[in-house]
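See structure below.
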Amino acid sequence: MTLGDSLGLSDSQERRIVRGLQLTLGAVLGYGIATGQFGIAGTAGVALGITLLPAWLRLEYGYSMDAGLVLWITVAVILHMVGSVWLYEQYQWYDEIAHTVSASVIAGLGYAAFRAFELHSEEMSVPSTFRSVFIVVFVLATGVFWEVLEFALGGVITVYGIDDIVTDFVFNAVGAMIVAIWGTGYVSELVVFFRQRLRST
């Protein structure tokens, strides 16, 4: 079952939503450049670039990512983009939602890479329970890297304090656990792609 099946959306509907969100990011990028608000422009540009990665994978490797997975990634980055521009400072609950969604994407990608490596290696045999633990640990480790990056780029990325960091980690873990319990099947095609890349190298 794909993510689109669970959402009750067809591939064409998911693609239209993604295109609409990408156009929104493009408009924000243009607005930031036109008004000289380069922080907004930079954030929107990075977010737009991430949403275009699936298209690059298709051109470079011939891999067509599931439309539901593309939508999942796009929603995660646009939530963070909108939050960093305004909503993070206004609503704590918005930060929690954004971190949960983005953590679920990181968890899915981390699981797909780990599972592909496991299937590729004849010497690895990992119990399913350990895979779930790996997903949570991987997301938390990525969160540590991100928080260090935020402090290093304190003049560029806003740091909201220790309480915010703790809350971020809690909801990062929530996103990871959601994927560990219910979401690994949605990245099965990505596992196959990663495994093929490992074989080719």
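The values are calculated or read from the model by the stated rules, or taken from the named source; none is laboratory data. Because the structure is predicted, anything quoted here is derived from the model rather than measured. All Cβ positions, glycine included, derive from the backbone under ideal geometry; neighbour counts span all protein chains shown.
Scanning the range 1-28 for residues that are modelled with pLDDT of 90 or more and of a type in the set (A, V, I, L, M, F, W, C), which turns out nearest to residue 82 (Cα to Cα)?
Per the stated criteria, the residue is 25.
From 143, 108, 68, which residue is of a type in the set (Gly, Ala, Ser) and assigned by TED's automatic domain parsing to the domain that holds residue 37?
68 is the lone residue from the list that is of a type in the set (Gly, Ala, Ser) and assigned by TED's automatic domain parsing to the domain that holds residue 37.
Take the residues in the range 1-15 that are of a type in the set (D, E, K, R) and surrounded by 14 or more Cβ atoms within 10 Å (Cβ to Cβ), then tell me which one is farthest from residue 183 (Cα to Cα).
15
If the requirement is being in a helix (DSSP H, G or I) and within 18 Å of residue 189 (Cβ to Cβ), which of these qualifies: 45, 26, 4, 30?
Only one candidate passes the filter, namely 4.
Spot the failing condition for residue 62; the list is (1) within 23 Å of residue 13 (Cβ to Cβ); (2) exposed (fewer than 14 other Cβ atoms within 10 Å of the Cβ), and only one is missed.
Only one criterion in (1) within 23 Å of residue 13 (Cβ to Cβ); (2) exposed (fewer than 14 other Cβ atoms within 10 Å of the Cβ) is unmet by residue 62, namely (1).
Give me the residue from the range 166-187 that is free of Cβ contacts under 8 Å to residues at least 60 places away in the same chain and either in contact with a strand residue (DSSP E or B) (Cβ under 7 Å, 6 or more places away or on another chain) or not aliphatic (A, V, I, L, M) (or both) and, out of that set, nearest to residue 100 (Cα to Cα).
Here the answer is 169.
Every residue in the range 90-107 that is more than 15 Å from the chain's Cα centre (by Cα) and touching a residue at least 60 places away in the same chain (Cβ under 8 Å), please.
The answer is 92, and nothing else.
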